[in-house]
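Here's the structure, in structure tokens; my notes come after.
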Amino acid sequence: MFSSRTAIGHKSASRVWNASTKIQNRLISISPAAVQKTNPNSNSNNEIISKKYKFSYETAKNKSIQNSHLSIPNNKFDFANYNNNNNDDEITEENAKLIPSIVSLHARLQLSPDYKYSTLVKSLSCPIDSNSNFNNQQLSIFGSHILSFYVSEYLLTNYPRLPISILKSTIDSYIGNFSLYDIAKNSWGIDEDSTSKLEKYLSNEPELFKFGRLRFIKKVTKPESNIIKYSNSINNPFELSKSEAFANSVRSIIAGLYIHSGEESAKNFINDHILSRQVDISSVFDFKEPGKLLTRLLKTNNMLSPTVRLISETGRLSNSPIYVVGCFSGNDLLATGEGSSLKEARVRSFVRALKAWYLYKPLDAKVPSDSNFNGMFVDDGEKFY
Amino acid sequence: MQSLIPSTTIQSSRCLSRNFSKISQIRQYTNAKISYNQIYNKNIIRQQQQSQQQQIRSIVYVRGQRVQGLIRDPSEILSTDGVKYGKENDNLKPLKEYLNSLELSTKIELSDDILLQIITHKSFAHGSKPYNANISFLGEQILQLAATKYVISQSGNLNAIGSLAHRFMWSDKMLAAFAESKGVDEVFFCKKALPGGKIDKLYKPKSIYSTITSSIIGAIASKYGKTIAEEFIEKELIPAYKN
């Protein structure tokens, strides 16, 4: 029997392929995924830490900080008195200007002269051990909050009817680890520091130049064959996957932009580098029972239930017939669909009608952070069973 | 066409026998206020009138005990804790009073539709009424950014970011407590599966009740923009953290 899912999957695969980002399909007849909790044995420090998020951008926002040199005041909301006892590891601005890759990155991103070169160095330094404080942990958390807000307000105003699960999936395909990795690696040309000390010595490279590359402890998921890993600790807390390390550098650079040049320029930067990338939202939808869903949707909007009528056909008796059907509510044509069988055409018309509803886009929508913002469309929420 | 007629007759007689078994089930297990004869007669009459119809469903509203296959009384679904869903003044009064008491640079005046949407959770009436998921999502995003910005403005550096207190600022616990302290959670339409009723410890589930606060922020932002929403957070929510 023909199933709707194969038809849609096939269509989306052939139509759009977005650079290196693979968008995860979401079933939309189920409610959005809630935060899952890991089993209490593995991590029972506190409730907030043990939460596990579905999307990498959410994980990046809610990270906890590992820093043994941080002194926390008794009143935890007294944010001014969080002191760091170890500040001597920072690289000076003069030294940062000597690193060629930092200077070229600064120029390539067209950052303003206010943007400090040492911040760029900091953005490229992921935490390596607990002694050093010079890393991008906090910058990347701040950056992911900025990114998350501006991307969500863009999507909420431009596609107000997206169900929450699709919305989160789409946000993740804009600012998840893999997308930001692609930006860092392929558009911004950030390099990873993968050479050993010996190689650096042999190539006669100044010690300082290591700061110009992205430094992080690689997460080893699979040791090489014939090698047994002996380790006291199960997990090094500073281990990062490659994509996460690159993504954190992008988040930190955006946070640096906010700090040095203000919120407005961070917003413009996100518009230019993140939101300008094309994400095909319609391919995220995966309808399990499109006919049922459409009937329900029309019913809640006080419209007549869908009827499908044949519009045109060719080659019914041949081995490659084509049918074009229209999905109507009363006399209103909602969508048309074509297919090599009546059933396929019918399901396709249902899916198109649903997508036309969910992907509604107001003309010239303003986002809430715009100065000339004048109210936005607020959706009633996804209808489900 | 002629061959079609006998087959439908067979199907409808099958349908009839199925209905018989269903009715006997209802009779056996319920004391609901429906008379067996009534349904039976109705079905028979309908059968006779529309012998071509393949599916027949008896629509009966039942109060009290729930029976599978019977549709519930709509007024029972459209109420929470005895409060009926609707734009009545009593429902919106706590929220309206709170919004009127605000002293922001702009007077906050939201339409009744959006006020009702703020106090409706998606669990209410199977999501068939406008609910607050989207505005609360927007509000949450603004709150997270505003909280982070506040932490930085207080300390002048990034040391406190990622600390427990920082992440607590948008936690469900905090938001639900805020809604309770301002009295805006008096009327809230949601579905709770709590056999214990009001004495239950989870009578107000935090993850559901936290959406009231975040959707107030989202609703303000959706009408007046980000600046006013941030002002609301700074003047209302952040002083509440300190207590």
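Values quoted throughout were computed directly from the atomic coordinates according to the rules given, and no laboratory measurement underlies them. Since the structure is predicted, the reported quantities are computational estimates derived from the model, not experimental observations. Glycine also receives a Cβ, built like all others from the backbone with ideal geometry; neighbour counts cover every protein chain displayed.
Tabulated data
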read-out	value
Sorted by Cβ density within 10 Å, fewest first, the residues A:LYS97, A:LYS122, B:LYS96	A:LYS97, B:LYS96, A:LYS122
5 angstrom amide H check on A:ALA335, placed H, neighbours 5+ away	A:CYS327
Taking the C-alpha atoms of the range A:330-385, convex hull volume expressed per residue in Å³	146
Translational D in µm²/s for the range A:289-358 (Stokes-Einstein at 25 °C, 0.890 mPa s, Kirkwood Rh from C-alpha pairs)	203
Computed FRET value (nearest 0.05) for A:ASP78 with A:ILE322, which takes r as the C-beta separation and R₀ as 51 Å	0.10
Rounded if a/c under 1.5, otherwise prolate or oblate - the range A:95-248, Cα gyration tensor axes	oblate
Stretchable slack from A:GLU90 to A:ILE311, in nm (0.36 nm times residue separation minus alpha-carbon distance)	72.5 nm
Cα gyration tensor shape for the range A:231-385, rounded if a/c is under 1.5, else prolate or oblate	prolate
Estimated D of the range A:237-328 in µm² per second, where Rh is the Kirkwood radius over Cα pairs and Stokes-Einstein applies at 20 °C, 1.002 mPa s	113
Per-residue HN-Hα couplings for the range A:185-195 [Karplus 6.51, -1.76, 1.60; θ = phi - 60°; Hz; x = Gly/Pro]	7, 9, 9, 9, x, 7, 9, 9, 8, 10, 7
Exposure proxy ranking, count of Cβ atoms within 10 Å, fewest first, for A:HIS69, A:HIS273	A:HIS69, A:HIS273
Under-5 Å amide H pairs with A:GLU192, H placed in peptide plane, nonlocal only	A:LEU214
Cβ-based net charge around B:ALA177, under 12 Å, with every Lys or Arg adding one and every Asp or Glu removing one	+1
Over 18 Å (Cα to Cα) - which of A:LYS242/A:LYS267; B:LYS96/B:LYS223; A:LYS54/B:LYS206 fall in this group	A:LYS242/A:LYS267; A:LYS54/B:LYS206
Tensor-based shape of the range B:95-243 (alpha-carbon gyration tensor, a/c under 1.5 rounded, otherwise prolate or oblate)	oblate
Long-range HN-HN contacts of A:ASP286 with modeled amide H, under 5 Å	A:ARG26, A:ILE28
Label point distance in nm, A:LEU304-A:TYR230, each placed 7 Å from Cα along Cα→Cβ	8.0
At R0 = 30 Å, FRET efficiency that the Cβ-Cβ distance of A:GLU205 and A:LYS97 yields, to 0.05	0.95
Dipole in debye (nearest 20) - the range B:75-241, about Cα centre, beta carbon charges: Lys, Arg +1; Asp, Glu -1	380
